[in-house]
Structures are given as structure tokens and as C-alpha cells.
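A short worksheet on the structure shown next.
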Amino acid sequence: MKVKKALALIMALTMAASLAACGSDTATESTPAAAEPESTVAEEAAPAEDTEAAAEGTEEAAAAEDATDYGGITLTVMNSKPEIQDALEAVTAAWGETHNVTFEVYETDSPSDMLAQRYAAGDPPVLAIVDPSQVTEMGEERFLDLSGEDWVADGGDTMGTKVNDVLYGFPLCVEAPGMVYNKTAIENITGEEFVPENYTSPEAFEELLATLREGGMENPVILNQEDWSLGGHLLGSNIYVFQDGTPDGAYAFVEDLKNGADIMENEMFQNLMQDYDIFIEYNINKDDPLAADYDLNASYIAEGEAAFWINGTWVWPDMSTYVDGTMDYGVMPIPKTNADMQGKIYAFASKQIAIDKEVATEEQQAAAKDFLNWLVYSEEGQSALVNDLEIVVAFTNNPNEPTNPVNAVLKTYIDAGLTVDSAPFSTPSDQTSVLAPHMQAYLAGQETIDDIAAAITEYWQTHDPS
């Protein structure tokens, strides 16, 4: 909505500038010389900030006038990040109004299936917000080469998804799976400042949980039951890249499994399961873990009924409904046994925007690229990414600071260099759907660690990472 207001202001300023110009011409022709001092006094009396605002408004109006008119074309957008749906509709509508473009934005929680259906029907989205795995699987065949775009030099090359060194993904947002925490709730029980760096090992973290339980918070941890959470973020985001913090280490781990290595002897697998056991013991949903409700989980962390939500930085829109402004929040990595990996968070461009090259017309492709450039380089677009979509941006030229405390804490990890990123390593898109049921069964006490180990090993016998 802020973008729409900005555009309305631009239009108003444009009209004002036109009227002022007409008035100035008339005054020059008909106003007697004796009136000039009066005009000068009025100009001197005008506040400097008003003059600056008028100048800025004139520049914005000129930019609006220079905007390309795309003749009423339609751009479809598939959005796989549902928490930004409303804001995304507002942002695209505002840009579309200036450029004579109609946007149709629809959401999905299964981007692979939706893209498959749309391409089979010959009606793919012009712009698709997808996971990196969809880009690696479909980029060469379906998506437009974005390697020549200006924004590649300002973060796109580092965070965008490539296939064979060709860039097909525009990095929309940087996110981090880990543990979202309620700092105030923790400190109210312990009586001392909560410093995440003091709890980077499983042992130290479990001691803190025991202290919280003794202090009256019976179950300080929140576990989701969704497959994307357990199989995608908990399993997928911790076992691969944290082998040594590099994509090469992730590739080597998979190759070792293919060659017969015993995953039960792998330190990071054992670390993950040790953490998982701790989470399960202190889970606020432990009585019926597979019935955990996501909205309730958001309320538990926001209101301080629990201290740690095993989730990620994307949760703020869900939490904010329950936030009353009296508590502080943040995010931290899940505990690690390897000293080199302790205190580092997995931060990556979790959502990418791809442009269709099979069905989209050249004009639609040009408009789509124009929109992406606007997000990166215009003040309005930069603000829209941070203030309206409320994301941590991948682009180094964006001057806006994160607007919510969870993203603000993530930014401190990024600025301190305490992050790891798996790119270009990416698991196949079915990794979550195949392995999550085993993580869920373990959560419910229906499978063992041996079952999970066997499932992971079997999976990689028939799959290859991207």
C-alpha cells in the first residue's frame, strides 16, 4: 500500500508541477516589475525542506513519465511464498499502474507440481517465484537467461541460481532456517541476558532448556509437523552444507553415500539426530506432535509460552499478529558438535524469480525484466522489498535496514560473515516429500534413527544433487 501512496503522490506532484509551469509563464508576461520583490520574499520564506521535497517530487514525476508503456499486457506471477501474497499483489499492482501492465498473482505451496501442470497446459507463469531446486531442474529448458542483467553485479551473481554457469534465478530474498527465539521470555526466567553465542553446542543448549523447565516453562521448544519443516529445513538445511560449511563438502557427503559410506558414522548426521532428540523432549506439542498447528506455534513464540521455534526467518508475518511490542526476538543456528560450524547460520537466497522463455512473448519478458530492475535500482522498489515484502535482500546496493527483529538479527550474522551457503549444491525437489515422512514417523515414535539413516542412504542411490 505504501507503493500505491507513493505513486499517487507522484501523480499529484506531476499535476502541481504542470500548473506551476503555466502560472510562471503568465506571471512573466503580465506581472509588473514592482511585484518582483514580493515574489522574491515569498521564495525566500519557503522552507528549504519544501524546496527539496518539490525537487524530489519533480524527479519522481519525471521518472514516472519516462516509464515504458507496455500497452495493457498481462504478467502472471506464481508465488510460492504465501506470507507475502497481499504485499506482492500491492507492489505489482502499483508498478503495473505506472507501466500499463496488469498482474495476476496466484499462490501455491507446491511450486514443482504447479509448474509441471502449467507447462503441460501450455500456460506457464511469466514470472515464477520458486525454490532454487526448481531453477536447477528447469532452468536450461524453461527459463530465460538472466546473465546479462545489471543486477548480476550487485548480488545476483553471488545469490542467484545458475545452471552450468548460466544465471536463471533472480534472488528474491535471503532467509535462514534455524531457531527463532523469544529473548524476553528466556531472560524473564533466567534473570540474565540471553547471549545466543553461549549456546552453540547441544550440551550447552540442553542445559538452558533444563533451566527454563525448572523455572516454569515446561516445554520451551516448538516443533512443526509439516513435511517442508522437518524434511526440508531441519534435515535438508543441516545435514548437507554443514558437513564442512561448503558446497564441495555437501557434494562429497552425497558421493560418499553413493559409494557405500555408513551414514551412522557421519558426525553431522549424528549431530542432527542429537538435536532432534532434544527438540522432541522439550516440544510444546509433544502430546500429539503430528497435530501441531502452525498458527498456534506462531502465538506460542510471540507471546512467550515457549522460547525457541525450530523454523526460520520467514516467520515474522505469522508471528506479528500476536506481537504486542513488549518482547524482543531473534534467530540463531541450531546447535552443532563441530567447533568450526558452531555459531554459523545457513543463509541463502531461498526464493528465486524465474522468467518463462517458452510461452511468454518478448514484450512480456521485457516487462518482467523491467520490473525486476525496478525492484533493485529504484528507491520505490528497494523500499518495497524491505518495507512491504519485509524480506532481507540479496542485493548489496539496497540501503534499507530490515524492518522486523528476526530479519535484523539475521543481518548481523551476514554482516559478521557467520553464514554458510550451499549454492550451487541443491537437493532434488522430491527430497522433502520422500524423506520428511521418516522424520515425522521418528517424531511420533514410529521409526528409529536406523530407519532414517536407511531412508537417506537409499534415496541417494537413485538421485543426484544439482
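Which numbered condition in (1) surrounded by fewer than 24 Cβ atoms within 10 Å (Cβ to Cβ); (2) under 25 Å from the mean Cα position of the chain (by Cα); (3) part of a loop (DSSP other than H, G, I, E, B) is the only one that PRO125 fails?
Going through (1) surrounded by fewer than 24 Cβ atoms within 10 Å (Cβ to Cβ); (2) under 25 Å from the mean Cα position of the chain (by Cα); (3) part of a loop (DSSP other than H, G, I, E, B) one by one, PRO125 breaks only (1).
Going through the stretch 242-280 one residue at a time, which ones are without any contact (Cβ under 8 Å) to a residue 24 or more places away in the chain, assigned to a helix (DSSP H, G or I) and not small (Gly, Ala, Ser)?
The answer is ASP248, PHE253, GLU255, ASP256, GLU265, ASP277.
Checking GLY148 against (1) touching a strand residue (DSSP E or B) at 6+ places or on another chain (Cβ under 6 Å); (2) in a loop (DSSP other than H, G, I, E, B), which test does it fail?
Of the numbered conditions (1) touching a strand residue (DSSP E or B) at 6+ places or on another chain (Cβ under 6 Å); (2) in a loop (DSSP other than H, G, I, E, B), the odd one out for GLY148 is (1).
Is it fair to say VAL166 is in the same structural domain as ALA307 (by TED's automatic domain parsing) and either under 17 Å from VAL331 (Cβ atoms) or in contact (Cβ under 8 Å) with a residue 12 or more places away in the chain (or both)?
In short, no.
How many residues does the stretch 387-396 hold that are farther than 14 Å from PRO171 by Cα and either modelled with pLDDT of 95 or more or not in a loop (DSSP other than H, G, I, E, B) (or both)?
2
Quick check on my filter: what residues within the stretch 369-384 are among the hydrophobic types (A, V, I, L, M, F, W, C) and within 20 Å of PRO125 (Cβ to Cβ)?
The answer is PHE371, LEU372, TRP374, LEU375, ALA384.
Of the residues that make up the stretch 371-380, is at least one closer than 30 Å to ALA453 by Cβ and outside any helix (DSSP H, G or I)?
no
Determine which member of the set GLU379, GLU390 is more than 30 Å from LEU208 (Cα to Cα) and surrounded by fewer than 17 Cβ atoms within 10 Å (Cβ to Cβ).
That would be GLU379, the only listed residue that is more than 30 Å from LEU208 (Cα to Cα) and surrounded by fewer than 17 Cβ atoms within 10 Å (Cβ to Cβ).
In this structure, does TYR413 turn out to be buried (at least 19 other Cβ atoms within 10 Å of the Cβ), assigned to a helix (DSSP H, G or I), more than 14 Å from the chain's Cα centre (by Cα) and at pLDDT below 95?
Yes; evaluated as a whole, the condition is true for this residue.
Scan (1) outside any helix (DSSP H, G or I); (2) assigned by TED's automatic domain parsing to the domain that holds ASN238; (3) within 30 Å of LYS183 (Cα to Cα) for the single condition MET439 breaks and write down its number.
Among (1) outside any helix (DSSP H, G or I); (2) assigned by TED's automatic domain parsing to the domain that holds ASN238; (3) within 30 Å of LYS183 (Cα to Cα), the lone unmet condition for MET439 is (1).
Restricting the search to the stretch 418-436, which residues are within 27 Å of ASP157 (Cβ to Cβ) and outside any loop (DSSP other than H, G, I, E, B)?
THR419, VAL420, GLN431
Would you be able to say whether some residue in the stretch 215-238 is part of a helix (DSSP H, G or I), at pLDDT 95 or above, over 29 Å from ALA349 (Cβ atoms) and in the same structural domain as LEU290 (by TED's automatic domain parsing)?
No; the residues of the stretch 215-238 include none that is part of a helix (DSSP H, G or I), at pLDDT 95 or above, over 29 Å from ALA349 (Cβ atoms) and in the same structural domain as LEU290 (by TED's automatic domain parsing).
The values are calculated or read from the model by the stated rules, or taken from the named source; none is laboratory data. Computed from a predicted model, the values in this text were never measured in an experiment. In this analysis, Cβ positions are derived from the backbone assuming ideal geometry, glycine residues included, and neighbour counts consider all displayed protein chains.
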